[in-house]
Amino acid sequence: MSERTVALVTGANKGIGYEIAAGLGALGWRVGVGARDEGRREAAVATLRAAGVDAFGVPLDVTDDASVTAAAHLLEERAGGLDVLVNNAGVTGGMPQQPGGADVATVRAAVEVNVIGVVRVIEATLPLLRRSASPRIVNMSSGVGSLARQSASAGEQQTGPLSVAYAPSKSMLNAVTIQYARALADTNILVNAACPGFTATDLNGFRGVRTPQQGAAVAIRLATLPDDGPTGGFFEDAGVVPW
Ligand SMILES: NC(=O)c1ccc[n+]([C@@H]2O[C@H](COP(=O)([O-])OP(=O)(O)OC[C@H]3O[C@@H](n4cnc5c(N)ncnc54)[C@H](OP(=O)(O)O)[C@@H]3O)[C@@H](O)[C@H]2O)c1
């Protein structure tokens, strides 16, 4: 294991993931830029390196077993291991996805990336994380995945829009987060979920009200938790998000 902290950020070629990579890089960490498209990946790596970040490209499609296995090998060879995994890659799954008019393909697409992709990447990298002195896993969820907020009466903390693909996929990701935190409770691996807030990115046609840098802040905080920090939690900038 190298002496410098090594992080992998999935979906780091743009949006919130890019800013997470930039923020962790600014701490002096080595940052693997996980991205599925070679051109977008290398462009992001070049921009990060020009800004002084020790970034390297990690070819990574979270829906593909071989790609994820190869990414874990690359981390081992190139960086000597992995300390911090940020599962940021995510998709809406497409449209339509409102109850009563949904296309099941959107549900499948959202779950494939937002849930199964995260499980696939965690399983492949867990052997590396177990060797780290202070390993962290951060799963980029969303407040729309909160069952408490989904079921709140209008006007309270209710989140929208109605969806049977994206929002439930993040609810399942939250459950996955709890399951890994429980399983790893007797290790030094801290596992938490994050909500970046409504952020202006491709995901929402740039309708979000926060900057990608603001959206990245909570993930950076969870990636840099002290050893006695929380595990099995769900956080946004303002504090704990109800499950
Ligand atoms: N924006 C918001 O308001 C908001 C709110 C709550 C939660 N989030 C969550 O924040 C995370 C980042 O989203 P964002 O807003 O920054 O969206 P974004 O700009 O669309 O970025 C999504 C990233 O995920 C990557 N990705 C998608 N499918 C992938 C796959 N199969 N394998 C590897 N990478 C894949 C994309 O790569 P390509 O460029 O190749 O497509 C891109 O790098 C997501 O998990 C999202 O659900 C966002």
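Name the residue that is surrounded by the fewest Cβ atoms within 10 Å (Cβ to Cβ), counting only residues in segment 202-243 that are of a type in the set (S, T, N, Q) and under 22 Å from Leu184 (Cα atoms). Break it down stepwise before answering.
Step one: list which residues in segment 202-243 are of a type in the set (S, T, N, Q), which gives 204, 211, 213-214, 224, 231.
Still in the running and under 22 Å from Leu184 (Cα atoms): 224, 231.
Working: Thr224: 18, Thr231: 21.
Residue satisfying both the conditions and the ranking: Thr224.
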Kindly indicate whether any position in segment 155-165 is of a type in the set (A, V, I, L, M, F, W, C) and at pLDDT 95 or above. yes
Pair list, Cβ under 9 Å, 6 or more apart: segment 28-41 residue more than 10 Å from the ligand (Cβ to nearest atom), other residue modelled with pLDDT under 95 and not charged (D, E, K, R): Arg30/Ser2
Scan segment 168-202 for residues that are near the ligand (Cβ under 10 Å from one of its atoms) and either in a helix (DSSP H, G or I) or of a type in the set (Asp, Glu) (or both) and jot them down. Ser169, Lys170, Leu173, Asp202
Where the second residue is surrounded by 23 or more Cβ atoms within 10 Å (Cβ to Cβ) and of a type in the set (D, E, K, R) and the first is in contact (Cβ under 8 Å) with a residue 12 or more places away in the chain and lies in segment 125-151, which pairs have Cβ atoms under 7 Å and are six or more apart or on separate chains? Ser132/Asp83; Ser134/Asp83; Pro135/Asp83; Ser141/Lys170; Ser142/Lys170; Val144/Lys170; Gly145/Lys170
Restricted to segment 132-159, and to residues that are surrounded by 14 or more Cβ atoms within 10 Å (Cβ to Cβ) and in contact with an Asp or Glu (Cβ under 9 Å, 6 or more places away or on another chain), which residue is nearest to Phe235 (Cα to Cα)? Gly143
Of all residues in segment 100-114, how many are near the ligand (Cβ under 9 Å from one of its atoms) and surrounded by fewer than 20 Cβ atoms within 10 Å (Cβ to Cβ)? 1
Determine whether Val91 is under 19 Å from Ala216 (Cα atoms), within 14 Å of the ligand (Cβ to nearest atom) and buried (at least 24 other Cβ atoms within 10 Å of the Cβ). no
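The values are calculated or read from the model by the stated rules, or taken from the named source; none is laboratory data. This one's a predicted model, so the numbers in the text were calculated from it and none came from an experiment. We place every Cβ from the backbone using ideal geometry, glycine too, and count neighbours over all the protein chains shown.
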